[in-house]
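Presented below is the structure to which this report refers.
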Amino acid sequence: MSALQITAIALCFTIPLLGWALLARQVVRFSKVFRVGQPDPSRTNDPGTRTWTVVREFLGHTRMARLPLVAVAHWFTALGFFLLFATLVNAFFQLIWADFRLPVIGHFAPFEWLIELFAVMGFIGIVVLIIVRQLNHPRSAEGARGRRSRFYGSTWWQAYYVEFTILVVMICIISLRTQEAALIQRIEPGTNIGLHFPLTGWARGIWGGLSEQWLRESIYVVAAVKILTSFAWMITVSLQPTMGVAWHRFLAFVNIWFKRNADGRTALGALKPMTIGGEPLDFEKLDELDESAALGVGKAEHFSWKDLLDVTTCTECGRCQSQCPAWNTDKPLSPKLLMMTLRDHAHAKAPYLMATAEEREDLPAHVVKLADIPLIGDTGYDHNHPLRAYDALGPEAVIDADVLWSCTTCGACVEQCPVDIEHVDHIVDMRRYQVLLESAFPSELNGLFRNLEQKQNPWGMAPRARMDWAKGLPFEVPVFGADVEDMAEVDYLFWVGCAGAFEDRAKKTSRAVAELLHTAGVTFAVLGDSEACTGDSARRSGNEMLFQMLAQGNVEMLNEIGAKKIVVTCAHCFNTLRNEYPQLGGHYEVVHHTELLNSLVKAGKLVPVRRPDQVSTTKDAASMAASVTYHDPCYLGRHNHVYAPPRELLGSLPGVAYKEMDRSGIRSFCCGAGGARMWMEEKLGTRININRTEEALATGAQRIAVGCPFCKVMLTDGVNAKVQEGAAVEGAVEVVDIAQMLLAAVRPEGDAAPVGAAAE
């Protein structure tokens, strides 16, 4: 053996041992850190389905598909990480025998083709990813210090190091293959080089000037570089538990397997119930709780073990950040920065949490100090420097309160995350703690909570006014208990909702839906003053106790009257009744009005015949125009995947041109009303509803169609604001519910319902 070969062997059989030892130590540490969190027994059901979900998401890269080019490039590098492990094993033997090839598979042509394909494509893939990162670098992005870059705030040295490692390894694999081809040609001249080295054999001539001995020596060198680069990466990663850009290669599989829904659905729709010790909290037994029990999350250890796994898995890719309506309107909330900071804080605090009382006395002062730092508080950040709203080590707070309360719970972050982090659940859990234990929440919510407690609606209106929306309709709207004694007598319970009953713009939607159902011969009844708020805003603002009070009352009432099929016009009511009331024993068939109306049109029970030029301009519930765009409500689209019915309805309107906004469907931009933001002042940055309104106006459409009263309010206010600015012409654009446009197309010529209570 030469001195070079001996040195390579010594290094490559010593350093890997250190790498494996450190990796094993870190895996054990992870298991201890995660066990610091609260139990969550809901994550292990249906193991077969969960395993298939992991396989499907990994091999199909389904969560990466939002960025197709990145998805393809990442697919080759991700799969190559595992498939090309065989080349790492082979490299160890090549340090001793330069011409070594793995038994059986090493000479198996299909296997060699696969290795070469993933080596070459892995090289191309990582180059593409490097270019993508540079093209999206904050230095070339809009906003202060490039905050429009999805990589703003990411840990750059870690990303560069990972990219460098992959690049070097791929170069080494390709180089070794060309060297092997050159060596095989010399010692086994009869070998079909093209068969065994289909993508690299042509380059074997690079080594033609070397003697056989020096060719072998070059193989020793390249094999050693590959091994040492790989294990230097392993050592670095093992010493950096918060290096998500590297650890996600391992943790993503675990995180996906333990995701909330075994079938792969995102953690949207229903919120995760409030739990104590891993079990859903029974609010009738609050008095029996231990004084130390936390309602929500106020410290790192209040998170569940799955939550801690969640934040540790974050890759810092910034897909969530790029889609977040708060971040895009210059609020301090970035879902990515939030997860990164919670991760860094949890792991910094872990030594204290894992230590015994005696061991804590010997811990460094800066670690002990972390025990008393609240998760949420005032960080003293400057609005022009949003990164300062996040401080994993305090000293005042880990996350600024402005970050927490900027969230609209739209779910764009959850939908975009390639490793299935459940951002919304984390945010709401922290809100619960702030509301229920700290009484620290925006002052505007005081009015919301008071109205919901006293009047069972956010507006604080008297329940007796819940039927005012129906005044003046040319038919009687049947009310359960007065006109209908048994829900079996009607096809649907029409859940009007608080907005549909009390908000003037939403009343038009209620009237339109009622008239359309009446026209189609669909029987329905309403609850009148027996209806109460579903509690959506209370829950998403963190007031779980208030939500439970409202929801339990509604569930008891709905079960008592035997409600089975419910139609709703509000996306938030739709989501709550459909997805969250089952947590309390309320199981109903809930349909959004656009779904029901679309089915009636398809069945021929509603026939849109009137064109825009045939429609009266009377200001009642009906409305029509020659062009329309559609805004996807977050709680109808992302949370419940209802995308097609509204568009099909609009497509059925004769003479109406449809214009899609750039951000639509799964990528739709929030109106700004979700997460109880409807009831809070928007004091930071620019207004979310203005951002969305500008996009809608840019289509040139005369109508902005919606399927949620909250969206209708926000976008109408946006249009009015643009009119006041002189950026839009008064009356040129109207925000309407889809039902209003359908009603205009369905009504017989000259027929118009009295304006009544719906008049402006």
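The values are calculated or read from the model by the stated rules, or taken from the named source; none is laboratory data. As the structure is a computational prediction, the values presented were derived from the model and not from experiment. Every residue, glycine among them, receives a Cβ derived from its backbone with ideal geometry; neighbour counts consider all protein chains shown.
Condition first: outside any strand (DSSP E or B), under 40 Å from the mean Cα position of the chain (by Cα) and either of a type in the set (Ser, Thr, Tyr) or over 24 Å from Gly447 (Cβ atoms) (or both). Now tell me which residues in the stretch 478-513 satisfy that. Listed by number, the residues that qualify are Met487, Ala488, Val490, Asp491, Lys508, Thr509, Ser510, Arg511, Ala512, Val513.
Once the stretch 491-525 is narrowed to residues that are in contact with a strand residue (DSSP E or B) (Cβ under 6 Å, 6 or more places away or on another chain) and closer than 29 Å to Cys410 by Cβ, the residue that is surrounded by the most Cβ atoms within 10 Å (Cβ to Cβ) is Thr509. When Val368 is tested against (1) in a helix (DSSP H, G or I); (2) surrounded by fewer than 20 Cβ atoms within 10 Å (Cβ to Cβ); (3) touching a Phe, Trp or Tyr at 6+ places or on another chain (Cβ under 7 Å); (4) at pLDDT 95 or above, only condition (4) is not met.
So that you can scan it fast, the table gives a plain yes or no per residue for (1) modelled with pLDDT of 95 or more; (2) in a helix (DSSP H, G or I); (3) closer than 30 Å to Cys634 by Cβ:
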{"residue": "Ala224", "(1), (2), (3)": "yes, yes, no"}
{"residue": "Leu228", "(1), (2), (3)": "yes, yes, no"}
{"residue": "Ala252", "(1), (2), (3)": "yes, yes, yes"}
{"residue": "Asn255", "(1), (2), (3)": "yes, yes, yes"}
{"residue": "Glu291", "(1), (2), (3)": "no, no, no"}
{"residue": "Leu309", "(1), (2), (3)": "yes, yes, yes"}
{"residue": "Thr312", "(1), (2), (3)": "yes, yes, yes"}
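Taking each residue of the stretch 563-576 that is within 18 Å of Glu515 (Cβ to Cβ) and looking for partners that are at pLDDT below 95 and in a strand (DSSP E or B) with beta-carbon atoms closer than 7 Å, six or more apart or interchain, yields nothing. Is it the case, given these coordinates, that Cys671 is crowded, with 24+ Cβ neighbours inside 10 Å, out of contact with any helix residue (DSSP H, G or I) (no Cβ under 7 Å at 6 or more places or on another chain) and either closer than 15 Å to Thr629 by Cα or polar (S, T, N, Q) (or both)? Here the answer is no, as Cys671 does not meet what is asked. For the stretch 70-90, filtering for residues that are surrounded by fewer than 20 Cβ atoms within 10 Å (Cβ to Cβ) and under 20 Å from the mean Cα position of the chain (by Cα) leaves 1. Output the number of residues of the stretch 317-330 satisfying the condition of being farther than 13 Å from Cys410 by Cβ and either buried (at least 23 other Cβ atoms within 10 Å of the Cβ) or not acidic (Asp, Glu) (or both). Final tally of qualifying residues: 5.
May I ask you to verify whether Pro273 is surrounded by fewer than 17 Cβ atoms within 10 Å (Cβ to Cβ), under 30 Å from Glu682 (Cβ atoms) and in contact (Cβ under 8 Å) with a residue 60 or more places away in the chain? It is true that Pro273 is surrounded by fewer than 17 Cβ atoms within 10 Å (Cβ to Cβ), under 30 Å from Glu682 (Cβ atoms) and in contact (Cβ under 8 Å) with a residue 60 or more places away in the chain. Of everything in the stretch 648-667, what is in a loop (DSSP other than H, G, I, E, B), closer than 17 Å to Arg638 by Cα and out of contact with any strand residue (DSSP E or B) (no Cβ under 9 Å at 6 or more places or on another chain)? Give them in sequence order. Passing the criteria: Asp662, Arg663. Restricting attention to the stretch 134-148, the residues being at pLDDT 90 or above and out of contact with any Ser or Thr (no Cβ under 9 Å at 6 or more places or on another chain) number 1.
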